Structure formats: C-alpha cells, structure tokens
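Colleague: Sharing a structure below in structure tokens format, with a few things to ask.
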Amino acid sequence: MLLMPEPDLDTESLAHFGFTDAWVEQGVLTRPVLDALCARWADGTDVNLEHYRWSAFKQFLHANRTLTSTQFDCLWALGRSDSDQAMGRAMLFEVILRRDCPRALLQRAALSQDTALARKSQQVLVTRFAPTPER
C-alpha cells in the first residue's frame, strides 16, 4: 500500500535529517515521528543524523507487525539508498531478519554483492523455506 506524502511536513527538517521523499511517501516518516525527532535534536545530545533516520525506521517496523511485499520492497530501497552506508546496511539486515520477509526479497538479497548480507539471506532461506523431510 503506497501512501500519499503528508503535505505539512517541514522540508527543512526533512533535508536536515537526510530524509528523502520516499520516507514520507511510504509512510515510514510521519508528522508525529518527525516532531519527536526534532525535539530530540533540540536536546543536542545526539548529532549523528543517521540515528534519527534509524529511529524512524525502527518505529515504523514496531508499529507495523506485518508488512506487504510492496512495503518490504520500499524499505529495501530506502536501506539501499541511504546516505550512510552502514545504517543503510543495518536496515537491510533488519528487513531480511523479519519473520514475514517475502521469499522473493530474500532470494534477491542472497545475490547481493555484500557477502555478509548474501550469506545471512541464504541462511534465512534455508531455515525458513527448506522442505521438511517426510516421515
């Protein structure tokens, strides 16, 4: 399910934290989440902008216990395109480790140039989708 962007989100705040339009369009970033991130930023305790994107990502996952294939594809794209490679990679691992991660996405991840991601995806495929022996 693709969501329409929230028109009242402050573009300066979006740019400051490194959120792209896709974060909003997919509903990963909402007004309440952005407001909370801005308040946290105002505290001045964490200057690592990728931590704020990570927080929005994790809040979305927590709020959505099951995801559609389209949502998985969108989250995968967000992780692949994040400006912070390490955080983007962490997002990809979170996506493939979800119990509801679709087989097609796991198969795509298993072909990744990132050997650790490919290996983990292959392990998940084997444990989740291996045929059970008949008795």
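Colleague: So which residues in region 16-45 are within 18 Å of the chain's Cα centre (by Cα) and among the small types (Gly, Ala, Ser), if there are any at all?
Modeller: Hits for region 16-45 are Gly18, Ala22, Gly27.
Colleague: Please go through region 33-52 and pick out each residue that is surrounded by 10 or more Cβ atoms within 10 Å (Cβ to Cβ) and assigned to a helix (DSSP H, G or I). Write out each step before concluding.
Modeller: Taking region 33-52 and keeping what is surrounded by 10 or more Cβ atoms within 10 Å (Cβ to Cβ), we get 33-38, 40-41, 46, 48-52.
Of everything in region 33-52, those that are surrounded by 10 or more Cβ atoms within 10 Å (Cβ to Cβ) and assigned to a helix (DSSP H, G or I) turn out to be Val33, Leu34, Asp35, Ala36, Leu37, Cys38, Arg40, Trp41, Leu49, Glu50, His51, Tyr52.
Colleague: Can you find a residue in region 61-79 that is surrounded by 16 or more Cβ atoms within 10 Å (Cβ to Cβ), at pLDDT 95 or above and either outside any helix (DSSP H, G or I) or touching a Pro at 6+ places or on another chain (Cβ under 7 Å) (or both)?
Modeller: Checked region 61-79: at least one residue is surrounded by 16 or more Cβ atoms within 10 Å (Cβ to Cβ), at pLDDT 95 or above and either outside any helix (DSSP H, G or I) or touching a Pro at 6+ places or on another chain (Cβ under 7 Å) (or both).
Colleague: Could you check, for region 11-22, whether at least one of its residues is at pLDDT 95 or above, polar (S, T, N, Q), surrounded by fewer than 18 Cβ atoms within 10 Å (Cβ to Cβ) and in a helix (DSSP H, G or I)?
Modeller: Within region 11-22, not a single residue is at pLDDT 95 or above, polar (S, T, N, Q), surrounded by fewer than 18 Cβ atoms within 10 Å (Cβ to Cβ) and in a helix (DSSP H, G or I).
The values are calculated or read from the model by the stated rules, or taken from the named source; none is laboratory data. Because the structure is a prediction, the values reported are computed rather than measured. In this analysis, Cβ positions are derived from the backbone assuming ideal geometry, glycine residues included, and neighbour counts consider all displayed protein chains.
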